Amino acid sequence: PSLEHPTEHCSRKHIYTKVNVVLLGLAGTGKSASGNTILRKKHFVSKPSSNPVTTECQVEETKINDLHVRVIDTPDMFDDDTEPSVRDKHVKRCKELCESELCVFVLVMHVSRFTDGERDILKKLENTFGTKVKEQTVILFTRGDDLEEADMTLEDFLRSCQPGLKEIIEKCNNRCVVFENRSSSSDQVEKLMNTVSVVLKKTAKID
Ligand SMILES: Nc1nc2c(ncn2[C@@H]2O[C@H](COP(=O)(O)OP(=O)(O)OP(=O)(O)O)[C@@H](O)[C@H]2O)c(=O)[nH]1
Ligand SMILES: [Mg+2]
């Protein structure tokens, strides 16, 4: 369902609701690849690497349906090995890039691994972006192709996932989507944007 908003009637004048979609998560989970899938263009550098690839926050914009979407790619800001001063710099930049518009946080994770670093990630998100962050978070699982290969649906995966992960998902009100970043299917982006709309309607009281 499309997002209805007071500015929607102005869409002829090209005034769209602006939303920041902030990609967060550990290094290598596929934040940049997911950003590129949303943007339908390879704007962010994404590649296999044992070192973090993205080292600065970066914003790229697109229009999806009635939304002006600002996709914000970030480095892994929650690694315990990151110097606090470096982390603070990234967090500050990330917040600057969000301007004062609506924000939806997309927590990117693999379907293939749930790591210790992810166990307390919501707590870290809360410490960074405020206690209400859970209400604005969508969990995005990458490597949907791995699921497909194993003949599993997202529901199968969720049913059998670890208690720690289940807890995170429940705290985010079961808002999860799966991406297969090797495919350019717009279906997956549409599902994400539907979930983003749900968050916007709830947090911004847009209806
Ligand atoms: N098969 C498969 N590979 C993926 C998928 N998503 C991402 N990858 C791969 O995973 C690797 C890491 O992806 P990135 O997008 O660079 O991950 P990142 O989270 O941005 O990593 P950092 O910038 O280092 O924090 C790349 O080689 C991607 O091609 C997916 O859905 N399926
Ligand atoms: Mg990256």
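What follows is calculated from the coordinates using simple rules that are stated; it is not laboratory data. Predicted model only: the values in this text are computed from it and were never measured. Here the Cβ positions follow ideal geometry from the backbone for every residue, glycine too, while neighbour counts run over all protein chains shown.
Setting aside same-chain residues fewer than 8 positions from Lys92, which lysines have a Cα under 22 Å from its Cα?
Correct list for Lys92: Lys18, Lys31, Lys123, Lys124, Lys132, Lys134.
Using a Debye calculation, one point per C-alpha and no hydration shell, please list log10 I(q)/I(0) for segment 134-188 at q = 0.19, 0.21, 0.28, 0.29 Å⁻¹ in order.
-0.70, -0.82, -1.17, -1.20
So what J values fall out for segment 172-177 if you push phi through Karplus, 6.51 cos²θ - 1.76 cosθ + 1.60 with θ = phi - 60°, rounded to Hz, Gly and Pro as x?
Listing the rounded values in order: 8, 6, 6, 7, 9, 9 Hz.
Dipole of segment 51-99 (Lys/Arg Cβ +1, Asp/Glu Cβ -1, origin at the Cα centre): which of Cys94, Val53, Thr82 lies farthest to the positive side?
It is Cys94, whose Cα lies furthest towards the positive end.
What number in nm² do you get for segment 17-98 if you take the convex hull of its Cα atoms and divide its surface by four?
Its average projected convex-hull area is 5.2 nm².
Whose amide H sits under 5 Å from the amide H of Val111, counting only residues 5 or more places off or on another chain, with H placed in the peptide plane?
Hits under the 5 Å cutoff: Thr142.
How far, in nm, would the chain grow between Asp151 and Ser112 when pulled straight, counting 0.36 nm per residue and subtracting the alpha carbon separation?
Contour length minus Cα-Cα distance gives 12.7 nm.
Out of all Cα-Cα pairs in segment 62-131, roughly what percent, to the nearest whole number, are more than 18 Å apart?
Pairs farther apart than 18 Å: 47 percent.
Assign one of three labels to segment 167-207, namely rounded, prolate or oblate, based on the Cα gyration tensor with a ≥ b ≥ c the square roots of its eigenvalues; rounded applies when a/c is under 1.5, prolate when it is not and a/b is larger than b/c, and oblate otherwise.
oblate
Can you tell me the order of 19-27, 175-183 when each peptide is scored by its average per-residue count of other Cβ atoms within 10 angstrom, highest first?
With the highest mean Cβ count within 10 Å placed first, the list reads 19-27, 175-183.
For the chain, divide the Cα radius of gyration by the Kirkwood radius and give the resulting Rg/Rh value with two decimals.
0.94
For the chain, calculate the relative contact order in percent as a whole number, restricting contacts to Cα pairs under 8 Å that are 6 or more residues apart.
Once normalised by length, the contact order is 23 percent.
Order of 127-137, 113-123, 151-161 by packing, highest average Cβ count within 10 Å first?
127-137, 113-123, 151-161
Taking θ as phi - 60°, what are the ³J(HN,Hα) couplings along segment 118-131 by the Karplus curve (6.51, -1.76, 1.60), each to the nearest whole Hz, with x for Gly and Pro?
Using θ = phi - 60°, the values come out as 8, 4, 10, 5, 5, 4, 5, 4, 5, 4, 8, 10, x, 5 Hz.
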